[in-house]
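A short worksheet on the structure shown next.
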Protein chains: 4
Amino acid sequence: MKPNKSVKSSIVHRLKITEGHLRKVREMVEKDAYCIDVLHQSQAVEAALKEIDSLVLNNHLNTCVVDAIKKGKPKEVIEEVMAVFRKSVKR
Amino acid sequence: MKPNKSVKSSIVHRLKITEGHLRKVREMVEKDAYCIDVLHQSQAVEAALKEIDSLVLNNHLNTCVVDAIKKGKPKEVIEEVMAVFRKSVKR
Amino acid sequence: MKPNKSVKSSIVHRLKITEGHLRKVREMVEKDAYCIDVLHQSQAVEAALKEIDSLVLNNHLNTCVVDAIKKGKPKEVIEEVMAVFRKSVKR
Amino acid sequence: MKPNKSVKSSIVHRLKITEGHLRKVREMVEKDAYCIDVLHQSQAVEAALKEIDSLVLNNHLNTCVVDAIKKGKPKEVIEEVMAVFRKSVKR
């Protein structure tokens, strides 16, 4: 990862918050919270992770992918991005 | 949540493992791991959460939803399940 | 499918419109439209199908699932709904 | 769209098949097929569209995006790809 520092610290910050929310999902299950409330909380965690993925991918495209293409080596980086895209639509 | 104990402990166990994997995502970002590796790890966390959601929803349908329908009160539980379904396809 | 007539005709109507939009995706490809425009149009078709799925599932829960549960036969209908849910989160 | 001819004809071919499958979804609804069967057929159409999207995006990355980056104009093409990615994870 070659983010500028502000992108990196923003991603780390969001991940820490998301870890807290995921811990809360577990605590809700441990305390026998209503299933539907558990599901909404879990889906919120998934949505937060998707937003983080977008930040990581955007950073990746603007750094590694641009560099590789300028160096005339597009093939591998494009295959990697496609693998991420294909997985994202299967979840 | 009204799970039998084995469902509940299985869900809690999976959530703890997923928390560990999410922590690892953050550590990867902190250590400047390759973006694509971060994304694969994050997508694995999302997939694990989806499987946990399925366990929670399955338990919910077999307990609360069955009970409410038997009591002649299907409306609210069905609306709640639909809300979860709609959110799930928007992520 | 046991919809009331208005649900059924609404679903058929939406499907016809979506067929038209899908045909347009193909025409765009045939006319060498810009890839990104093709993708947005295709994603709009997918979103429309998801909304139709919600209508079908909502109808199913309110009819077949309620009936089966009242008859004391929840198992198969719940498994079927879970299969749809699991697939929906893998797309 | 600047595909080579074989990519384009493959995409058009898949779209035609998918149009046929979508027509079948409507016919199933018109003939009061079982909701769950309708949903599986509809989900198969969505999966087929996702695969087509991958072909279109892959082609786009290998042509327009590579060209734009080589010309020193990465910004707009990356924003466009990110818009597609964000939408894809919201469906």
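Brief remarks follow.
- Each other residue within a Cβ distance under 13 Å of D:H13 adds +1 if Lys or Arg and -1 if Asp or Glu, for a net charge of +2.
- Ranked list, fewest to most other Cβ atoms within 10 Å of each Cβ, for B:K16, D:K50: B:K16, D:K50
- Farthest positive-ward along chain C dipole, Cα basis, beta-carbon charges - from C:V38, C:I69, C:A48: C:I69
- By the combined test of axial Cα extent (at least 15 Å) and Kyte-Doolittle hydropathy (mean at least -0.5), the qualifying DSSP H helices of chain C come to C:35-60, C:74-88.
- C:E27, D:E19, D:E46 arranged by Cβ crowding within 10 Å, fewest neighbours leading: C:E27, D:E19, D:E46
- Convex hull volume of the Cα atoms of chain B, normalised per residue: 89 Å³.
- Label positions at A:I17 and D:E51, each projected 7 Å from the Cα along the C-beta direction, are separated by 3.9 nm.
Every number in this text was worked out from the coordinates using simple rules, so none of it is lab data. Given the structure is predicted, the values throughout are model-derived calculations rather than measurements. Here the Cβ is made from the backbone with ideal geometry for all residues, glycine too, and neighbour counts use every protein chain on show.
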